[in-house]
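Following: one structure in C-alpha cells, then a few remarks.
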Amino acid sequence: MKNSLTYNQQPLNGIILAGGRSSRMGSDKGLLLHNGKSFIEKIIQAVEPLVSHLIIVGDNPDYDRFGYKRIGDEFKETGPLAGLYSGLKHSDSQWNLVLSCDVPLISTELLSKLLQADARDSDIIQFTNKGDRLPLVALYHKRCLPVCLELIRSGEKRLLELQEHVKTRSTEVPDQFRSQIRNINTVNDLKSIQHAGKY
C-alpha cells in the first residue's frame, strides 16, 4: 500500500466500517455492485492512496478476499459506534480516516480536501453537507477510543453522541462533490446510481 500522505505530520490509517447485513438491502452493502465493482472496492480505491494501512471492520469473511486486515466488531449489535471503537483499537496510527461502506461514489479528490482541514484542538474532523454532519466521512484521533468505550458500556449506539464528549471540527463539502457523499441505503437508492457514469 502507498504511504504517500500523513495527517498533521503523523501517519494516517484508513478504517472502513463494513458493518453487518442490511435489512433494507438483504445483504452486506459493502458487497453490492456499482459499475462492475463492489461498494467496498470503490471505497478502497478512493482511500488507499491517502493512507499507510487499511482496516476493514466487519464480521463477514467474504471481505478477506480484498487483501486487507479485517477485524470483527468487539461489541455485537451495537451499531457504528462499536465499529469505530474496534477500528481505532486495532489501528497503530493516531489519526484515522473513517468511512462507512455505503458511499461508493466517494473519490480520493474529495477525501484529500478533508485532509486539508486544520487539526488543532480537534479529536474529530468531519464533513458536513449543507450543515448536516457526516460522521462516517471523517477523521478520528485515537483520543476518541476511551470515550467510545464508555459510551458503549452505557448502552449508547449513536455515533453522533460521541461528538458531545470530544472536540469536533467540521468542514463543508464543496458543491461540486455533494453527489459523492450520498449514502446508498435502499434498493431504490441503488437503482438510481446504477447508470451513473464513472467518476
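What the table shows:
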quantity	calculated
Pair list, Cβ < 9 Å and 6+ apart or interchain, from the stretch 63-80 residues that are among the acidic types (Asp, Glu) to residues that are part of a loop (DSSP other than H, G, I, E, B) and modelled with pLDDT of 90 or more	Asp73/Asp59; Glu77/Lys157
Selected residue (criterion: nearest to Ile16 (Cα to Cα)) from residues of the stretch 130-161 that are in a helix (DSSP H, G or I), in contact (Cβ under 8 Å) with a residue 60 or more places away in the chain and of a type in the set (A, V, I, L, M)	Leu159
Counted residues, the stretch 137-155 - those being in contact with a helix residue (DSSP H, G or I) (Cβ under 7 Å, 6 or more places away or on another chain) and within 18 Å of Lys89 (Cα to Cα)	10
Some residue of the stretch 66-89 being crowded, with 21+ Cβ neighbours inside 10 Å, in contact with a His (Cβ under 8 Å, 6 or more places away or on another chain) and of a type in the set (A, V, I, L, M)	no
Listing of strands (runs of 3 or more DSSP E) fully contained in the stretch 1-120 that carry 1 or more residues being within 25 Å of Thr168 (Cα to Cα), modelled with pLDDT of 90 or more and among the hydrophobic types (A, V, I, L, M, F, W, C)	10-19, 53-58, 95-100
Of residues in the stretch 121-156 being surrounded by 21 or more Cβ atoms within 10 Å (Cβ to Cβ) and of a type in the set (Val, Ile, Thr), the one farthest from Arg169 (Cα to Cα)	Val137
Residue within the stretch 148-158 that is within 30 Å of His34 (Cβ to Cβ) and either among the charged types (D, E, K, R) or modelled with pLDDT of 95 or more (or both) present	yes
Hits in the stretch 162-199 (condition: within 23 Å of Glu109 (Cα to Cα), modelled with pLDDT of 85 or more and part of a loop (DSSP other than H, G, I, E, B))	Val173, Pro174
Some residue of the stretch 87-103 being under 20 Å from Gln9 (Cβ atoms) and without any contact (Cβ under 8 Å) to a residue 60 or more places away in the chain	no
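The values are calculated or read from the model by the stated rules, or taken from the named source; none is laboratory data. None of these values were measured; they are calculated from a predicted model. A quick note on method: Cβ atoms are made from the backbone with ideal geometry, for glycine too, and the neighbour counts reach across all protein chains shown.
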